[in-house]
Amino acid sequence: MTAAFSTLPSHIARCPQLQLSDSCSLYPDRQHAAALSLLKVKNDRCEAVISVQGAQLLSFQPAHGKPLLWLSPKAIFQPGKAIRGGIPLCLPWFGPHADDPSKPQHGFARNRDWTLLDAEAVDTGTTRLVWELRYPDPVADRSPPADPLLAGAFRAQLVMVLSDRIDLELEVENTGNQAFPLSWALHSYHPAADIAAAAVSGLEECEWWDNADRATPAGQKVKQLQSGAVAFNGEVDRVYINVPAAQQLHCGGDTLTIRGKNCASAVIWNPGAALATSMADVGAEHYQEFVCVERGNTAENSCQLAPGEIHRAWLTITRD
Ligand code: BG6
């Protein structure tokens, strides 16, 4: 548990909709290498749990409805390791690092503790939280290695507004004196009653390539055009670029809408049976329960962030 979260700072403790907890207490049936700090949010319109590590929403349940997010029954809570489920934030790069495969997959923002700058009960049914991550971190990166994680500096802010829906606003500011490449995704895990009956619409006619085709090197993959909705019969790992604002996940009569602004990419992912078997935090028995509809800016939609420049994006998740 981070020292900052053994108690809540007084201006945050005043928010009546928040409660400090930890992963061992809230999820006794999961695996824990250590107790990670968690925040519980309860207002008139939802209940949610957020991990300080990654500023990661782990669960979100509207007061009058089913959960919008999936957290793996086999999730592992371990400092520095991404938690399988909810909405991890992949940043400052998405996927494997472009030049150095030894660097963490999907960047490092999801593996680090964030600072809760502010928390506010906007009204009895709306909670607003402001999280911040700075790189380099004055403590963790005090003695940077010869090959630092990123040749650059940034401040990321994630604002969560939790009501009967999830509203997220991401801001990344280059606080250094050199430009760096930025790609990212809000890697949302959504529940699917039955993966075989799930479909994602809103990507028709978009270009995509197949990450599940591991035989073809990244730079040589041929783009395809999406025809109809995306269905799931085996591993699906597709990167879509220049997508429309909204996608819908349909499953068993339930429809979730994932709507982004300045999120030009979408990644649709489910590992399928074979890959899930090799994943300790999913397993063959749980891959059928979720679909990832990830939104962000990656590949051709990624950017160079110049010194002083701020990149902003928004994401809303609703049940129709
Ligand atoms: C997806 C990628 O975004 O995330 C997949 O497209 C990857 O290739 C998946 O397997 C999960 O990644 P991780 O690092 O959380 O296991």
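Every number in this text was worked out from the coordinates using simple rules, so none of it is lab data. For clarity, every value in this text was computed on a predicted model and none was experimentally measured. No Cβ is skipped: glycine too gets one built from the backbone with ideal geometry, and neighbour counts run over all protein chains shown.
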Sequence-separation-based contact order of the chain, relative, with Cα cut under 8 Å and 6+ spacing, percent: 16 percent
HN-Hα J in Hz across the range 184-189 - Karplus 6.51, -1.76, 1.60, θ = phi - 60°, x for Gly and Pro: 6, 7, 8, 8, 6, 9
Separation in nanometres of the label points that stand 7 Å from Cα toward Cβ, at Ser227 and Lys261: 3.6 nm
Nearest-0.05 FRET efficiency for Ala63 and Asn242, computed from C-beta distance (R0 51 Å): 0.90
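Can you check how the C-alpha radius of gyration of the chain compares to 2.2 N^0.38 Å, as a plain ratio?
Numbers: Rg = 18.8 Å, N = 320, 2.2 N^0.38 = 19.7 Å.
The reported ratio for this selection is 0.96.
Counting only other residues whose beta carbon sits under 10 Å from that of Pro79, what net charge do I get with K and R as +1, D and E as -1? Intermediate values should be presented prior to the final figure.
Values: positive: Lys81, Arg112; negative: Asp113.
Here the count lands on +1.
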Per-residue Cβ neighbour rank within 10 angstrom, fewest leading, Glu132, Glu235: Glu132, Glu235
Projected label distance in nm at Arg155 and Lys81, using a 7 Å step from Cα toward the beta-carbon: 3.4 nm
In the range 73-171, trypsin sites (Lys or Arg not before Pro) in a DSSP loop with at most 12 other beta-carbon atoms within 10 Å: Arg142
Residue-count net charge about Leu150 - beta-carbon cut-off 10 Å; Lys, Arg +1, Asp, Glu -1: 0
Interchain or long-range residues, amide H under 5 Å from Cys46's placed H: Ala63
Derived scalar couplings ³J(HN,Hα) [the range 65-82; Karplus, 6.51 cos²θ - 1.76 cosθ + 1.60; whole Hz; x for Gly, Pro]: x, 7, x, 8, 10, 10, 10, 4, x, 10, 4, 10, 9, 8, x, x, 10, 4
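I need to check one value: relative contact order of the range 242-300, counting alpha carbon pairs closer than 8 Å and at least 6 residues apart, in percent. Walk me through the numbers before you get to the answer.
Details: 75 pairs, mean separation 20.1, N = 59.
34 percent.
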Distant-in-sequence amide H partners of Val236 (H built 1.01 Å from N, under 5 Å): Asn270, Gly272
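How much net charge surrounds Cys15 when only other residues with a Cβ under 13 Å from its Cβ are counted (Lys, Arg +1; Asp, Glu -1)? Could the numbers behind the result be given before it?
On the way: positive: Arg14, Lys40, Lys42, Arg128; negative: Asp118, Glu120, Asp123.
Net charge in that neighbourhood comes out at +1.
For Ala273 and Asp29, calculate 0.36 nm times their separation in residues minus their Cα-Cα distance, and state this gained length in nm to one decimal.
Here the segment from Ala273 to Asp29 would lengthen by 85.6 nm.
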Fewest-first sequence of Ser72, Ser51 by Cβ atoms within 10 Å of each Cβ: Ser72, Ser51
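When the chain is fully extended, how far beyond the present Cα-Cα distance does Asp118 get from Asn177, taking 0.36 nm per residue of separation? Write down the numbers at each step before the final one.
Working: separation 59, 0.36 × 59 = 21.24 nm, distance 2.78 nm.
In short, 18.5 nm is gained.
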Spacing of the two label points (7 Å from each Cα toward its C-beta) at Arg142 and Glu285, in nm: 4.5 nm
For the chain, share of DSSP beta bridges that run antiparallel, in % to the nearest 5: 95 percent
Binned Cα-Cα distance frequencies in the range 165-282 - 10 Å width, integer %: 11, 38, 35, 13, 2, 0
